[in-house]
Amino acid sequence: MNDFGFIRVAAAVPVVRVADVDANVEEICRMTAEAEAGQASIVLFPELAVTGYTCGDLFGQQLLIDRAEAGVRRILEFTRGKSVTVVAGAPVKFRGRLYNCAVVLRNGNIKGIVPKIWLPNYNEFYEARWFSSGRDFLSPYTQSTGRFLVNGKDTVREGWCAEIRYAGFRCNISPNLIFETGTTSFGIEICEDMWTPVPPSSYLALAGAQIILNPSASNDILSKHEYRRTLVSQQSARNVCGYVYCSSGFGESTQDLVFAGAAMIYENGAMLAGNERFGMESSLTFADIDTERIDTLRRKMNSFSALAPDGTPSSAYDRLYSMVRLGKTAETDFGKRLYRPVDPMPFVPVGNPEETDLRCREIMSIQVAGLASRLAHIGCATAVIGISGGLDSTLALLVTALAFDKLGWDRKRIVGITMPGYGTTDRTYGNAVELMEALGVTVREISIAAACDRHFADIGHDKNIHDVTYENAQARERTQILMDVANETGGIVVGTGDLSELALGWATYNGDHISMYGVNASIPKTLVKYLVKWAADHHFDDDAASVHARSGRRSAKEILNDIIDTPISPELLPADPDGKISQKTEDLVGPYELHDFFLYHFFRSGYAPEKILFLAEKAFEGKYDAAVIRKWLKTFIRRFFSQQFKRSCLPDGPKVGSVSLSPRGDWRMPSDAKPDLFLSF
């Protein structure tokens, strides 16, 4: 069974009975069984879940501490024969001091104990009244012993750790423990530790922990949860890790505080799962964390592995941490159910309308700023664009219009050229001309038919043979016109090709492949369509009112919506007998929504094709079957490898998102790399 680098984790928020260890242990065991049934490899319980967090001065009672230790012994006995690792909070007595700890239990054993370092001692929290800090285990005196227990055996090495006998087992107690299950490693910080300027999780991540567990007891007041979510999100993003946060809930004392029982699971800044707070019953939240993706992103980020916050090389941190091996992960059938969202359109903004509007505005602002800077730097008199009536040239024209507005230049200095040829339809031609007029740019029409006829005669090609020569000659003729008009008018050619076409090599070399500045170079096809729609609704819905209202012609918004509904086509083959588009790109190379999905996960996450196929089947379930997805994935890989030579000489263009194929930046691939390895799935 292939786990594809996923590991299933669970955040368990039990109903608590304060100081009733037996009841709490019973509920922890019940939820552990539920997590095991759900095929989780790790289940995290809140801070001091064995006793309840709000025991106050009862933590000074030996009876409670002894009963907590006995309760932990019951939990570890319950884990015997199970594959799930349990992390539960309990008070632990050691050398006359009491520590607020997370106890790691696996298959009838205690694998390690992690004490809390930062103890709140302000407002309603007075933990330092009862507990000592885990800093006790990070002193030079502790380090000098150099004694670690690895799988129950003494090992001499450098590091900070101490040995404890607890609940009948010998194990290590230290904040500097990292636990390994299967190929996944995790570290633990407790509640307040995360709220500090440099949380322990930062060092744990530098030392190799892919996942951070945070058993917490954080009360809720107005707006605190949003701030808490931001902290978890940012810490998981900063450390490029998975982060499992689990806080105390119903049953904790409400004498002065209310605990809402928040459970959150994040991965690299993105929320995978969360529960509904303020519940009156226990809750179990599952998510599948992608450790393969975490490793890939960390390898790509040189800054991640360069220096720790104190200036120490991160590689030096490994010697300060004890790696505790837990055994294999659970046998999880991720194919049956996957506890993580798989977005079928990873490039397209999602969220509430306000967030979506903000992201679209940011994307177009980057495009506009890049072009405006280039135009101002060169001191161009004009910008020349080929307008086909399709999505790509439309977006390029909209960006150029906004760039001229930003510079305070007259839009008449934008020269839009429509170049009808053998395959141009009335619909695209009409949309091209009307859009240019609606936006108030200079409109020129230059037919390429006569020039191509002459060219075919010159090279001895029969124009009735609709082969690659027939198609590419038209694209190159159009590019020649644009370049020459740009020279004539003292301007530059603004390119229209998008990221998806670059990935597939769906461009004519030295034709639409070339421009002087490609504004769409990092905008994939699925996003192009979305941005044009957004622009129609937010930027250009009023343009036509001043231009066309009195003439009774269509508004810019109406034209843009018609362009959005037009099939994607290069229009290099003659129209059908009804005058409609006969050459539809997606019939030839496959659906762009699939190719954009493939591109994102191949580039950004470094996934193998087998994993991309697995995720695509989840994302497009009910729309494309496995055979169709496999077919187009193979097409994507073959084209991506064979067309690198086109990407090796791309014109400049603004980087907008995390995926860019510029040979000067994010993607440096030999043109002669073989695809065989990637096609063997």
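Below, the figures for the structure above:
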{"item": "Residue count for the stretch 444-482, restricted to those that are outside any helix (DSSP H, G or I) and either out of contact with any helix residue (DSSP H, G or I) (no Cβ under 7 Å at 6 or more places or on another chain) or of a type in the set (Asp, Glu) (or both)", "result": "9"}
{"item": "Which listed residue, of 308, 273, is modelled with pLDDT of 95 or more, hydrophobic (A, V, I, L, M, F, W, C) and crowded, with 17+ Cβ neighbours inside 10 Å", "result": "273"}
{"item": "Among (1) in a helix (DSSP H, G or I); (2) buried (at least 24 other Cβ atoms within 10 Å of the Cβ) - the single one residue 497 does not satisfy", "result": "(1)"}
{"item": "Unique match (being in a loop (DSSP other than H, G, I, E, B) and assigned by TED's automatic domain parsing to the domain that holds residue 216) among 25, 43, 72, 50", "result": "50"}
{"item": "Residue that is under 37 Å from the mean Cα position of the chain (by Cα), surrounded by fewer than 24 Cβ atoms within 10 Å (Cβ to Cβ) and not hydroxyl-bearing (Ser, Thr, Tyr), where the choices are 421, 379, 389, 370", "result": "370"}
{"item": "Identity of the residue in the stretch 458-484, among the polar types (S, T, N, Q) and under 18 Å from residue 495 (Cα atoms), that ends up surrounded by the fewest Cβ atoms within 10 Å (Cβ to Cβ)", "result": "480"}
{"item": "Positions within the stretch 341-380 being assigned to a loop (DSSP other than H, G, I, E, B) and either closer than 30 Å to residue 617 by Cα or not assigned by TED's automatic domain parsing to the domain that holds residue 492 (or both), in sequence order", "result": "341, 342, 343, 344, 345, 346, 347, 348, 349, 350, 351, 352"}
{"item": "Of residues in the stretch 245-303 being within 30 Å of residue 612 (Cα to Cα) and part of a loop (DSSP other than H, G, I, E, B), the one farthest from the chain's Cα centre (by Cα)", "result": "275"}
{"item": "Flag if residue 254 is assigned by TED's automatic domain parsing to the domain that holds residue 46, of a type in the set (Val, Ile, Thr) and surrounded by 15 or more Cβ atoms within 10 Å (Cβ to Cβ)", "result": "no"}
{"item": "Matching residues in the stretch 1-39 - criterion: being in contact with a helix residue (DSSP H, G or I) (Cβ under 7 Å, 6 or more places away or on another chain), of a type outside the set (Val, Ile, Thr), touching a residue at least 60 places away in the same chain (Cβ under 8 Å) and under 22 Å from residue 219 (Cβ atoms)", "result": "12, 14, 17"}
{"item": "Filter pass, residue 179 being part of a strand (DSSP E or B), modelled with pLDDT under 90 and crowded, with 22+ Cβ neighbours inside 10 Å", "result": "no"}
{"item": "Single residue of the stretch 401-416 satisfying the filter (over 37 Å from the mean Cα position of the chain (by Cα) and part of a helix (DSSP H, G or I)) that is nearest to residue 490 (Cα to Cα)", "result": "413"}
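Residue by residue, here is whether (1) over 22 Å from the mean Cα position of the chain (by Cα); (2) over 26 Å from residue 517 (Cα atoms); (3) touching a residue at least 12 places away in the same chain (Cβ under 8 Å); (4) in a loop (DSSP other than H, G, I, E, B) holds:
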| residue | (1), (2), (3), (4) |
| --- | --- |
| 630 | yes, yes, yes, no |
| 635 | yes, yes, yes, no |
| 641 | yes, no, yes, no |
| 645 | yes, no, yes, no |
| 660 | no, no, yes, yes |
| 663 | yes, no, yes, yes |
| 674 | yes, yes, yes, yes |
| 677 | yes, yes, no, no |
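For (1) in contact (Cβ under 8 Å) with a residue 60 or more places away in the chain; (2) over 30 Å from residue 338 (Cβ atoms), each residue gets a yes or a no:
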{"residue": "41", "(1), (2)": "yes, no"}
{"residue": "49", "(1), (2)": "yes, no"}
{"residue": "66", "(1), (2)": "no, yes"}
{"residue": "71", "(1), (2)": "no, yes"}
{"residue": "75", "(1), (2)": "no, no"}
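Okay, residues lined up against (1) crowded, with 24+ Cβ neighbours inside 10 Å; (2) outside any helix (DSSP H, G or I); (3) in the same structural domain as residue 49 (by TED's automatic domain parsing):
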position: 186; (1), (2), (3): yes, yes, yes
position: 193; (1), (2), (3): no, no, yes
position: 197; (1), (2), (3): no, yes, yes
position: 205; (1), (2), (3): yes, no, yes
position: 213; (1), (2), (3): yes, yes, yes
position: 220; (1), (2), (3): no, yes, yes
position: 227; (1), (2), (3): no, no, yes
position: 230; (1), (2), (3): no, no, yes
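Yes/no per residue for (1) at positive phi; (2) touching a Gly at 6+ places or on another chain (Cβ under 7 Å); (3) in a strand (DSSP E or B):
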site: 83; (1), (2), (3): no, no, no
site: 92; (1), (2), (3): no, no, yes
site: 102; (1), (2), (3): no, yes, yes
site: 105; (1), (2), (3): no, no, yes
site: 114; (1), (2), (3): no, no, yes
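The values are calculated or read from the model by the stated rules, or taken from the named source; none is laboratory data. Note that this is a predicted model, so its numbers are computed, not measured. All Cβ positions, glycine included, derive from the backbone under ideal geometry; neighbour counts span all protein chains shown.
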